[in-house]
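Everything on this sheet refers to the single structure shown next.
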Amino acid sequence: MPGLMDPVRIDERGAASAEPQPLPEPQPRPRQVASDGKTNILIVGSGAREHALLWHLGRSSMAGEIYVAPGNGGTHDHNIGIDAADTVRLYEFARHNDCVTVVGPELPLALGVVDLFRSEGMPIFGPTQRQAKIEWSKSYSKALMRELAIPTAAFSVFTEPEPAIAYASGRGWNVAVKADGLADGKGVRVCSSEAEVRAAVADIMDRKVFGGAGNSIIVEDRIYGTELSVFALCDGIRAVYLGSAVDHKQLLDGGKGPNTGGMGAYSPAELSSDTMVRYVMSRIMDPVVARTEFSGFLYAGLMLTHDGPKVIEFNSRLGDPEAQVILPRLDFDLLPYLNLVSTGGRLGAGVRLNLAYEAACCVSMCSEGYPLSHKDNQGRRISGVDEANARTNTLVFHAGTRLEDGKPLTDGGRVLSVVGRGRSLDHAVREAYRSVDMISFKGEQHRTDIGRTRLRA
């Protein structure tokens, strides 16, 4: 019998494959390869997702020097002082240090960092500004879904509050109100009453709690079912399945409280069969890639309804905290494929990116007051990280941290992503929470039911 963490390939139902399927060697290799055969890497971003990318890519035999811009306390040995939105300086650094660049967050994609790099012949993994519009403009995304007949909730787009409220009234107030632009994953209000709709519209359009992202809004029918995310690696022609996850967006146990950037996640999600995976890829992901020539990580947020999967949203990058449970489950070296796509290469028909056997569960440990009033609660000493990270089945990825005298301090809303891995979801959940119990900082808050709702179902 293989050891606990030995990689065994499975489908998303957990059935082990009889024969491991070798991956083809990606070709061609990018020009950014040093004389020793190593590839220098620039990771753009500062969250736990970028720390997870550093962890995964750093394990590659092809990896040379790895830099993170700007990074956080957990990536400090690799950090460079360039903001993720400073696209020109990112380009200049990557060119000077002969790097392949991997973009984590949505903002630099929306600012056109990929367009800049490609115009200068520099390899970069991620979608162009036009392709990333599928995330930074929800109205565009919904119109694209309508054009491609991708199943999604009925909707309408508004630039004034009163017509939006009237539309919601006609839908029985049972709607989701969404800021059109980027809002750090917090721009959605799920409503079931007139008071909730009016408050959501006022916050987004009048009070501008999300700034210019709320200049227009989408009001769409509320749909019910099991929510999950599916991820794919795309080369502009095809989408290759990368795994599934479930994010817990609300602050409090039981899915209550304000919407956040994500309080935790687990993987795999409740995809009922290989047939369902094929349906999602062929009916949802493939049409988007074919229509937009999308290149990079494509993320579809889905609701599994009685009428089948419906798309809630698309993201143009790996999610956070979903990346923290997807990347630890990959049973292959991702770097050659990122290299290939970053230089315009194609994955080839029949490529299958294998997943490891184990499940993974991520718990977000957050600052006091998150997500509403945490900015005054920073600089608090964090203890127990090294001890938790030393556990066999635990990975601790930093998000909102900084170092002072070599010790981690809180420096953001979501502070740490604590990941447990195991042979089953039950095992992964137990491993994650055992490690969470070892870590502490003043005012710390986290959900206690990540992954456990599914276990009780």
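For a protection proxy built on the mean count of beta-carbon atoms within 10 angstrom, sort 181-189, 245-253 highest first, please. Before the final figure, lay out the partial values.
On the way: 181-189: 19.0, 245-253: 20.6.
In decreasing order of mean packing, 181-189, 245-253 become 245-253, 181-189.
For the peptides 326-333, 99-106, residues were scored by their other Cβ atoms within 10 Å and the scores averaged per peptide; the highest-first order is 99-106, 326-333.
Put a plus charge on the Cβ of each Lys and Arg, a minus charge on the Cβ of each Asp and Glu, and nothing anywhere else: the dipole of the stretch 177-255 about its Cα centre is then about 120 debye.
Note on the chain: dipole from Cβ charges, positive end direction compared against Trp173, Ala202, Thr39; the farthest Cα belongs to Trp173. Averaged over its residues, the chain has an accessible area of 40 Å² per residue, based on protein heavy atoms and a 1.4 Å probe.
Translational D (Stokes-Einstein, µm²/s) of the stretch 158-211 at 37 °C and 0.692 mPa s when Rh comes from the Kirkwood sum over C-alpha pairs? Stokes-Einstein gives a translational diffusion coefficient of 299 µm²/s.
Figure legend: label point modelled 7 angstrom from the Cα of Lys38 along Cα→Cβ; residues of the stretch 95-127 with amide N under 14 Å from it are 98-100. Label point 7 Å out from Leu330 along Cα-to-Cβ: which residues of the stretch 264-296 have amide N under 18 Å? It comes to 266-269, 295-296, nothing else.
Taken along the Cα-to-beta-carbon direction at a fixed 7 Å, the label points for Ser282 and Ala154 span 2.9 nm. Can you pull the accessible area of Tyr167 for me, 1.4 Å probe, Å² to the nearest 10? Solvent-accessible area, nearest 10 Å²: 50 Å².
The DSSP beta bridges internal to the chain are antiparallel in roughly 80% of cases. Per-residue Karplus couplings for the stretch 72-85, computed as 6.51 cos²θ - 1.76 cosθ + 1.60 with θ equal to phi - 60°, are listed in order as 8, x, x, 10, 4, 5, 10, 6, 10, x, 10, 5, 5, 8 Hz, Gly and Pro entered as x.
List the trypsin sites (Lys or Arg not before Pro) within the stretch 51-95 that DSSP assigns to loop and that have no more than 12 neighbouring Cβ atoms inside 10 Å.
Numbers: sites: Arg59, Arg89, Arg95; in loops: Arg59.
Passing sites in the stretch 51-95 are Arg59.
The share of Cα pairs per 5 Å bin across the stretch 251-375, counted from zero up to the longest distance, runs 2, 8, 14, 20, 21, 16, 9, 7, 3, 0 percent.
Pull up all non-local amide H partners of Val100: gap of 5 or more, or a different chain, and H-to-H distance under 5 Å with H placed in the peptide plane. Under 5 Å from the amide H of Val100 lie the amide H atoms of Asn40, Ile41, Leu42, each far enough along the sequence or on another chain. Applying a DSSP loop filter and a limit of 12 other Cβ atoms within 10 Å to the trypsin sites (Lys or Arg not before Pro) in the stretch 337-416 leaves Lys375.
At a Förster radius of 56 Å, what calculated FRET efficiency corresponds to the Cβ-Cβ distance of Gln250 and His96, to the nearest 0.05?
After rounding to 0.05, the efficiency reads 0.80.
The length gained by stretching the chain between Arg381 and Val209 to full extension, at 0.36 nm per residue less their Cα-Cα distance, is 58.9 nm. Here the relative contact order of the stretch 269-380, from alpha carbon pairs under 8 Å that lie six or more residues apart, stands at 17 percent.
Between Val88 and Ala195, what is the label-point separation in nm under the 7 Å Cα-to-beta-carbon projection? The two pseudo-label positions are separated by 5.1 nm. For the chain, the share of accessible area belonging to carbon and sulfur comes to 48 percent (1.4 Å probe, ligands and nucleic acids excluded). Where the centroid of each part is defined by its Cα atoms, how far is the stretch 202-226 from the stretch 337-415 in Å? Each part's Cα centre sits 28 Å from the other's. The charge dipole of the chain, taken about its Cα centre with unit charges on the Cβ atoms of Lys, Arg (+1), Asp and Glu (-1) only, comes to about 440 debye. Which of the three applies to the stretch 215-280, rounded, prolate or oblate, going by the alpha-carbon gyration tensor with a ≥ b ≥ c and a/c under 1.5 meaning rounded? Because a/c hits 1.5 or more and a/b exceeds b/c, the stretch 215-280 counts as prolate.
How would you classify the stretch 309-363 from its alpha-carbon gyration tensor, with a ≥ b ≥ c the square roots of the eigenvalues: rounded for a/c under 1.5, else prolate if a/b is greater than b/c, otherwise oblate?
Details: a/c = 1.79, a/b = 1.29, b/c = 1.38.
Judged from the Cα gyration tensor, the stretch 309-363 comes out oblate (a/c at least 1.5, b/c at or above a/b).
How would Phe297, Phe210 line up by accessible area, probe 1.4 Å, largest first? Spell out each step's value before the answer.
Values: Phe297 10, Phe210 45 Å².
Largest accessible area first, the list is Phe210, Phe297.
Subtracting the Cα-Cα distance of Glu270 and Arg59 from 0.36 nm times their residue separation leaves 73.1 nm of extension gain. Among Met62, Met145, the order of accessible area from largest down is Met62, Met145, computed with a 1.4 Å probe on protein heavy atoms.
The values are calculated or read from the model by the stated rules, or taken from the named source; none is laboratory data. Here the structure is a predicted model, which is why all the values come from computation and not from measurement. Glycine also receives a Cβ, built like all others from the backbone with ideal geometry; neighbour counts cover every protein chain displayed. Quick note on the areas: whole protein, heavy atoms, side chains included, nothing else; ligands and nucleic acids left out. Shrake-Rupley method; radii C 1.70, N 1.55, O 1.52, S 1.80 Å.
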